[in-house]
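Below: one structure, written as C-alpha cells.
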There are 2 protein chains.
Amino acid sequence: MQHTELKVGELARRTGLSIRALHHYDEIGLLKPSAHTASGHRLYTAADIARLHHILSLKQLGFSLEEIAGTLGRADFSALRVVELRLQRAREQLAEQRQLCERLDAIARQLRAAEPVSADDFLQTIEAMTMFEKYYTPEQLKELEARRQAMGEDAIKEVEAEWPRLIARMREEMEKGTDPATEPVRALATRWRELIRAFTGGNPGIQKSLQTMSQQEPQMAQRQGRDPQLMEYVGRAMACLDAPK
Amino acid sequence: MQHTELKVGELARRTGLSIRALHHYDEIGLLKPSAHTASGHRLYTAADIARLHHILSLKQLGFSLEEIAGTLGRADFSALRVVELRLQRAREQLAEQRQLCERLDAIARQLRAAEPVSADDFLQTIEAMTMFEKYYTPEQLKELEARRQAMGEDAIKEVEAEWPRLIARMREEMEKGTDPATEPVRALATRWRELIRAFTGGNPGIQKSLQTMSQQEPQMAQRQGRDPQLMEYVGRAMACLDAPK
DNA sequence: CTTGCACCTCACGCGACGTGAGGTTGTACC
DNA sequence: GGTACAACCTCACGTCGCGTGAGGTGCAAG
C-alpha cells in the first residue's frame, strides 16, 4: 500500500497536465512533491495529489497560479468573497468579449452587404465605426442604426454617393470665389443641411456628437475633402440661409 | 503647414497610447516614423498617423500586432474572410467566458446558500462541481439542478447528512462480518438504493454517468469513506436484495 | 554493454508592452 | 554663459504559464 507515490510522468498522464507544468508548479512553490527518490526523481504522495486537484479546480475558475497559492496558503480566507471578486472580473471580461463580438459582427455584416471592397475601404469602414463608438452613446448608435434600417440599403448608398459630389461642387464654387449668399451656393448649402438632417434625424444629442467628432477629428473630414477652409465657406453659406438677404 | 510632424510625446497624448508602445511598434517594424530629427528624435508624418489609426482600429478588433502588420502589409487580402475568422475566434472565447461565469455564479450561489463554510468544504464543493461537469452532460446537469430545486434546501441537507451516517453503519456491519443477506444489512442496502434513486431520479443516463464517475474517480469515493472493500460489500448486499433468499 | 525510456536541470521563447536606469537634446530663464 | 527641467533617446529586464529544445543521469531489459 506504500506504492501510492507517483512519479511526474504518471501524474501528468492521470491529470492531463504536461510534465513541464508540474515542474513549473514545483519551481514556483505551488506544488512541491513531498518526497524524492535518492536520485532526485519527484515522488508525489496522495496528499500532493489532493492538493493538485484543488489547484486544478481553482485554475478552472480562472484564478492565477499566484492567487491559487495564496488561497491554498492560508485556510482562513472567505471563500464567498474570493469567488465573488473573481465572478465580478469574469463578468467584466464577458461584457468586453460581447462588445468585441458585436463590433466584429457589425463589420462582417457591412462587408457582406457591400460589394467586394478594397482594403482601403475596409480600413476606412473600421475606422469610421471606431470613431462612432467613441463619440456616440450606445443609445445614439441604436437610433442611428434604426434610421439606417428604415432608410434601406439603396437609399443609404445613394446618400453616400451624393456626399462626395456635393463636396466637390461646393469646392468648385469656393474656388471660383462665388459669394456664398448667392444662388448656386444657396441650393448646395440647403442640400447639405438636408443630408445632415437625414443623418441626425433632428436628434439634438446626435447633432452635438457629430459636431464634437468633426471638431476633434479634423483628419477624418480631411480625407473626405472637407478641409477647414471649405467648412468655413459652408458655414458662411449656412448663415446666409438663415438670415435671408 | 510643414509643422504637421509630431514627436512621440505628442502622438502618444493624442492617441492615448504610451510612449513605450510607440517605441515598441517602431522596434517590431509595425510603425516606423518616416522621419527623424538630426539628434534622432522620432518625427511622425501625417501618413504615419493615418497608419497608426488603421493599426488601432484593427487592434480594437482583437488582432495581434503580427496579424495587423501582415494585414497592412499587402493590400490584396479578403477583408470579409479575415473578419469572419476573427469573429469565429471571438465567439469561441465568448462561449468560454460565459461558461466560466456560470461556473462561478453556481459556486457563489452554493456558498451563499450554505452556512459560512470552511476552506476545506469550499474546495471540496468546487472539486465536486468540476467532476460533475466532467462526467455529466449539460442536459443531465440541468435535470439534476431541477430535481434539487424540487426537493428544497432542507431536504438536500438532510440527505447529505444521512449519507455519512449510512456509510458508517454499513462499515460497522461489514467489520462485524455480518452476512450481507441478513437483516440489518438488507435495510441499510434498501435505504442506500433509495438515496441513489433520489439522486438519479431513475434516469438511466444519469445512473450511467454516476457509475462511470465512481469507477474513474475512486479517490472521491475514498474521501467519503467509500473504499473499494466497502463498495464490494454493498454490491453483495444489493445482489441479495434482488434475489430474495 | 548497449539500447531505450523516464527522469533531471538549465535556459530561451512567446506577446505587448511596463518600468526603471542612465544619458542626450531642446527650451526657458537668470 | 550657466542651469534648470521637460522631453527625448537607448538598453534591458520583468510579466504569465508554461512550450520546447539541449545535454545529462537512472534504471530495467536484451
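When restricted to residues that are touching a residue at least 60 places away in the same chain (Cβ under 8 Å), open to solvent by 80 Å² or more (accessible area, probe 1.4 Å) and not in a loop (DSSP other than H, G, I, E, B), segment A:193-241 contains 2.
Against the condition open to solvent by 60 Å² or more (accessible area, probe 1.4 Å) and in a helix (DSSP H, G or I), how does B:Glu127 come out, does it pass? Taking the combined requirement at face value, the residue does not satisfy it.
Residue count for segment A:67-92 satisfying the condition of being facing chain B (nearest Cβ under 7 Å), within 30 Å of the chain's Cα centre (by Cα) and without any contact (Cβ under 8 Å) to a residue 24 or more places away in the chain: 4.
Evaluated against (1) aliphatic (A, V, I, L, M); (2) in a strand (DSSP E or B); (3) under 30 Å from the mean Cα position of the chain (by Cα), A:Leu58 falls short on exactly one condition, (2).
So, in segment B:18-36, of the ones that are in a loop (DSSP other than H, G, I, E, B) and within 13 Å of DNA strand C (Cβ to nearest atom), which residue ends up farthest from B:Leu72 (Cα to Cα)?
To start, the set of residues in segment B:18-36 that are in a loop (DSSP other than H, G, I, E, B) comprises B:18, B:28-34.
Now narrow it down to the ones that are within 13 Å of DNA strand C (Cβ to nearest atom): B:18, B:28-31.
On the way: B:Ser18: 22, B:Ile28: 14, B:Gly29: 12, B:Leu30: 9, B:Leu31: 11 Å.
Restricting to residues being in a loop (DSSP other than H, G, I, E, B) and within 13 Å of DNA strand C (Cβ to nearest atom), the top hit is B:Ser18.
Considering only residues in segment A:12-36 that are of a type outside the set (Phe, Trp, Tyr) and open to solvent by less than 30 Å² (accessible area, probe 1.4 Å), the one that is nearest to the chain's Cα centre (by Cα) turns out to be A:Ala21.
For segment A:1-17, enumerate the residues that are in a loop (DSSP other than H, G, I, E, B) and in contact with a helix residue (DSSP H, G or I) (Cβ under 6 Å, 6 or more places away or on another chain). Hit for segment A:1-17 is A:Thr4, nothing else. Selection of first residues in segment A:3-14 that are free of Cβ contacts under 8 Å to residues at least 12 places away in the same chain and of second residues that are within 14 Å of DNA strand D (Cβ to nearest atom) and open to solvent by 30 Å² or more (accessible area, probe 1.4 Å), restricted to Cβ pairs under 7 Å at least 6 apart or on distinct chains, gives the following pairs, ordered by first then second residue: A:Gly9/A:Ile19; A:Ala12/A:Ser18; A:Ala12/A:Ile19.
Say we look at segment B:19-54 and pick out the residues that are within 14 Å of DNA strand D (Cβ to nearest atom) and in contact with a helix residue (DSSP H, G or I) (Cβ under 6 Å, 6 or more places away or on another chain); which of these is nearest to B:Ile68 (Cα to Cα)? Here the residue is B:Leu31.
Is it true that A:Asp154 is over 30 Å from B:Ile55 (Cβ atoms) and not in a helix (DSSP H, G or I)? Quick ask: steps written out before the conclusion?
Values: over 30 Å from B:Ile55 (Cβ atoms): yes; not in a helix (DSSP H, G or I): no.
Considered against the rule, which asks whether it is over 30 Å from B:Ile55 (Cβ atoms) and not in a helix (DSSP H, G or I), A:Asp154 comes out as no.
Let's see how each residue does on (1) of a type in the set (Gly, Ala, Ser); (2) over 30 Å from A:Leu80 (Cβ atoms):
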position: B:Arg91; (1), (2): no, yes
position: B:Ala95; (1), (2): yes, no
position: B:Ala128; (1), (2): yes, no
position: B:Met131; (1), (2): no, no
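It is to be established whether one or more residues within segment B:196-210 are over 20 Å from B:Tyr136 (Cα atoms) and either modelled with pLDDT under 85 or of a type in the set (D, E, K, R) (or both). Before the answer, list the steps.
At the first step, the residues of segment B:196-210 found to be over 20 Å from B:Tyr136 (Cα atoms) are none.
Checking segment B:196-210: not a single residue is over 20 Å from B:Tyr136 (Cα atoms) and either modelled with pLDDT under 85 or of a type in the set (D, E, K, R) (or both).
Residue-wise test of (1) open to solvent by 50 Å² or more (accessible area, probe 1.4 Å); (2) more than 16 Å from DNA strand C (Cβ to nearest atom).
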{"residue": "B:Glu10", "(1), (2)": "yes, no"}
{"residue": "B:Ala38", "(1), (2)": "yes, no"}
{"residue": "B:Ala47", "(1), (2)": "yes, yes"}
{"residue": "B:Phe63", "(1), (2)": "no, no"}
{"residue": "B:Glu66", "(1), (2)": "yes, no"}
{"residue": "B:Arg91", "(1), (2)": "yes, yes"}
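The values are calculated or read from the model by the stated rules, or taken from the named source; none is laboratory data. Just so you know, these numbers come straight off a predicted model, no measurement behind them. With ideal geometry, Cβ positions are generated from the backbone for all residues, glycine too; neighbour counts draw on all protein chains shown. Note: accessible area is taken over every heavy atom of the protein model, side chains too, but ligands, DNA and RNA are not part of it. Shrake-Rupley method; radii C 1.70, N 1.55, O 1.52, S 1.80 Å.
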